[in-house]
Amino acid sequence: MKKRLTVALALGLMIPAVTPAAAAGKDISIDSFKFNSMKAPASIEDMVKTYTSASMDVTYSDGKTRNFPLTYKQLFLSDEKIVTNKGEKIPAGTPIDVNGNPIIDKSVPGQESYYISDAPDSNSLMNVGGNLFMVSHFEYDSLDNAGKSAYGVVPASMTLTHLNQDKRTGELSVKDAKKIDFSSVNGLWIPCNGSTSPWGTHLGSEEYEPNARQFEAEIGTDKDSTNVKGFAKLYFGDESKANPYNYGFIPEVTVKPNGDTSVVKHYSAGRFSHEIMTVMPDNKTAFFGDDGNYTVTFMYVADKEKDLSAGTLYAAKFVQTSAENGGSGNLEWVKLGHASDDEVRAIIDKGTKFSDIFETASEPTEEFTAIKTDSSGGKTEYIKLKPGMEKAAAFLESRRYAALKGATAEFRKMEGITVNAKDKKVYMAISEIGKAMVEDTTHVDPVDDVHLNKINAGGTYELNLTGGLKDKDGNKINSEYAASNMKAMVVGEDLAATDAYGNKANPDKISKPDNLSYSEKMRTLFIGEDGGEHTNNFVWAYNVDTKELSRVLSVPVGAEATGLRVLDNFNGFSYVLSNYQHPGDELENFQGTAVNKEELEKAIEAGIGIDKKGGVGYIAGLPQINGKHKKGGKK
């Protein structure tokens with residue numbers, strides 16, 4: 001029997017001022033929410049903009065239904081000078097160095113200017129002591145002024161925006177903004193997705209951790225394939241301060257009512273390609289995205305609630321049960337180790353190098369284990385742990401150590417993570433079911449646990465959470481939210497041939513799922529896309545009960561839909577935060593015939609610029625869900 005949800009409607013921005021009419025003094029309740037899907041963009045005009053023409057139907061307990069049109073509201077672009085920094089206005093997406101000074105692009109002599117990120121990503125919207133703040137990631141800078149890749153070389157940043165909220169409509173606007181200082185943690189490395197902790201802090205990420213083995217091999221040379229030396233030169237002004245073990249962790253940002261911020265990195269959560277860390281309702285268990293190829297499913301259990309400074313790190317062994325429709329499998333947890341942030345930081349500060357942790361061989365050798373992980377660029381390594389280095393391996397080389405201990409390191413593009421608290425499920429985005437996730441018919445991989453059917457468009461999985469689990473050694477896992485299995489829930493569909501709009505995957509199904517966010521009240525999973533299988537990436541609403549999938553946002557051609565976060569009730573209104581980054585990217589590969597490629601490129605360049613800036617905004621128009629609403633009362 002469906003449980004009715006008692007709610008109040010506070011109309012969002014730019015929607016008709018309507019409320020259900022009925023006798024005064026009675027409560028109304030919402031029976032259901034239904035998103036009405038928008039069409040995919042079919043003209044150049046629509047392909048180059050961020051917009052929605054979707055709507056929502058709300059059905060009440062008196063049998064009446066109301067329709068709520070949705071709109072997209074842009075808060076700011078990454079090149080807008082909204083940030084006050086040392087008394088000067090600088091662009092929102094400009095990074096700062098260890099001294100708090102804007103980092104300058106000197107790639108073209110005589111044309112020095114600020115670096116400006118075109119890649120806004122994660123958002124956390126917070127009410128701190130009655131003040132509304134938003135933390136936003138600026139993941140990287142695609143190109144410098146000379147047109148060369150700046151990815152990973154230019155230090156990344158986060159911006160704290162102080163927001164105004166219209167008390168009548170809920171519309172958000174920028175009051176002022178500042179850069180968040182990361183000097184206490186040696187700067188910020190490629191912050192991808194992120195989450196808001198249950199206790200109201202921002203949990204960021206550091207994706208694609210630099211390969212410490214490769215970095216060590218290049219010491220004393222001019223090579224910088226890991227970009228750590230270039231990063232250090234721009235951030236510290238000193239290449240000698242480069243250390244790959246400073247990066248690849250979870251930064252936590254605490255915001256005070258006056259806008260002051262403090263930052264810590266949680267070294268005890270392990271070092272790998274952190275896409276996101278999402279904490280469960282127990283305030284201590286967390287799951288992660290590990291982006292890349294040959295990656296691992298990790299779980300962390302903190303010692304104390306609302307305190308991520310110490311805990312136990314686990315990695316999963318995937319035991320496949322089906323290959324159909326994205327596949328399924330059971331999860332067995334391998335304990336990697338226990339540590340505090342301070343313990344791991346002390347190991348780093350001792351100057352620990354990769355060669356202090358592992359011995360290596362160049363070919364199969366007795367007592368050496370063959371592993372293949374994203375840490376080594378997907379190449380087979382032969383490694384042996386040095387005596388007494390278990391803790392260093394577990395928390396500085398988490399993925400390599402997980403593979404060494406028998407966890408499955410075959411996942412591909414493991415992206416967003418969100419939680420359905422009521423049903424005790426975690427949702428996980430796998431952007432592409434391919435490469436190491438399909439059967440190794442060549443028999444060259446050291447391990448082959450995963451044999452799924454290839455789906456380039458990827459899928460979203462559900463993980464069931466439970467208590468009473470034990471790890472592979474038979475020891476109890478101190479969590480009621482450990483994952484016991486995973487199964488594909490929503491998968492994409494590859495096309496046999498590219499369609500007229502350049503799509504390689506069915507445009508009416510998800511493709512390359514990345515950002516995820518779940519609404520407990522609407523029982524709806526929001527899915528944001530990142531990939532080239534859809535010419536325009538979309539944000540979708542998937543009702544976990546009715547299984548209906550609805551397209552609710554389209555971002556510019558070549559852009560990724562990022563920063564996805566649904567808030568059922570934020571200071572009296574509902575929002576779906578959604579950004580876009582790197583518009584126009586990879587348009588040179590466009591193969592559609594429905595529109596002219598050259599005209600499409602000109603339109604995106606004229607409208608926003610190719611790989612020059614990104615946008616931060618939100619979907620408005622949602623009904624608010626925050627308690628009872630008396631029929632016949634005042635609006």
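Structural remarks
- Take every Cα pair under 8 Å whose residues are at least 6 apart in sequence, average their separation, divide by the length of the chain, and the relative contact order is 16 percent.
- Here the Kirkwood formula, the inverse mean of 1/r across different C-alpha pairs, assigns segment 44-176 a hydrodynamic radius of 17.5 Å.
- Inter-probe distance in nm under a simple model that places probes 7 Å from Cα toward Cβ, at Thr498 and Ser29: 5.3
- Most positive-pole-ward Cα, Ala561, Ser240, Gly220, against dipole of the chain from beta carbon charges: Ala561
- Relative contact order %, segment 184-249, counting alpha carbon pairs below 8 Å whose residues are six or more apart: 32
- Accessible surface area normalised per residue over the chain is 38 Å², counting heavy atoms of protein chains with a 1.4 Å rolling probe.
- Taking all C-alpha pairs of segment 198-240, those more than 15 Å from each other amount to 53 percent.
- The listed peptides 75-88, 187-200, 463-476, ordered by packing as a protection proxy, come out as 187-200, 75-88, 463-476 (highest mean of other Cβ atoms within 10 Å first).
- On the beta carbon distance between Glu305 and Asp57, with R0 = 35 Å, the FRET formula returns roughly 0.35.
- Dipole magnitude (debye, nearest 20) for segment 320-366, charges at Cβ of Lys, Arg, Asp, Glu: 120
- Cα-based Lys proximity count in segment 505-635, under 18 Å, for pairs eight or more positions apart or on separate chains: 5
- Acute angle (nearest 10 degrees) that the helix 597-607 long axis makes with the longest principal axis of the chain, alpha-carbon atoms: 80
- Largest to smallest accessible area among Tyr208, Tyr245 [probe 1.4 Å]: Tyr208, Tyr245
- Surface share of carbon and sulfur [accessible, 1.4 angstrom probe, percent] for the chain: 46
- For segment 286-387, the equivalent ellipsoid built from the Cα gyration tensor has semi-axes of 25, 24, 12 Å, listed from largest to smallest.
- For the chain, the extents of the C-alpha atoms along the principal axes are 80, 63, 53 Å, listed from largest to smallest.
- If the chain linking Ser113 and Asn589 were pulled fully straight, counting 0.36 nm for each residue of separation and taking away their Cα-Cα distance, it would gain 168.4 nm.
- Cα→Cβ-extended label distance, 7 Å offset, between Val444 and Ser322, nm: 3.3
- The radius of gyration of the Cα set in segment 191-336, together with its Dmax, comes out at 17.5, 53 angstrom.
- As a rough guide to protection, the peptides 288-294, 146-152 ranked by mean Cβ packing within 10 Å, highest first, stand as 288-294, 146-152.
- Proximal lysines relative to Lys350, as straight alpha-carbon distance under 22 Å, when same-chain residues fewer than 8 apart are discounted: Lys229, Lys233, Lys241, Lys265, Lys384, Lys386, Lys391
- Average Cα contact separation per residue, segment 359-447, under 8 Å, 6 or more apart, as relative contact order %: 23
- Protection proxy ranking, highest mean first, for peptides 270-280, 567-577: 270-280, 567-577, where packing is the per-residue count of other beta-carbon atoms within 10 Å, averaged.
- When only alpha carbons of segment 458-572 are considered, Rg and Dmax amount to 17.2, 56 Å.
- Eigenvalues of the alpha-carbon gyration tensor of segment 238-319, scaled by 5 and square-rooted, set the equivalent ellipsoid semi-axes at 23, 20, 11 angstrom, largest first.
- Pair Lys350, Ser262: separation of 7 Å Cα→Cβ label points (nm): 2.8
- Estimated from helices alone, the mean residue ellipticity of the chain at 222 nm is -2000 deg cm²/dmol (sum of -39500 (n - 2.57) over DSSP H runs with n ≥ 4, per residue).
- With the cut-off at under 20 Å, measuring from each backbone N in segment 251-278 to a point 7 Å along the Cα-to-Cβ line of Ser184 picks out 251-270.
The values are calculated or read from the model by the stated rules, or taken from the named source; none is laboratory data. Computed from a predicted model, the values in this text were never measured in an experiment. Glycine gets a Cβ as well: all are built from the backbone with ideal geometry, and neighbour counts include every protein chain shown. Surface areas here come from the heavy atoms of the whole protein model, side chains and all, with no ligands, DNA or RNA. Shrake-Rupley method; radii C 1.70, N 1.55, O 1.52, S 1.80 Å.
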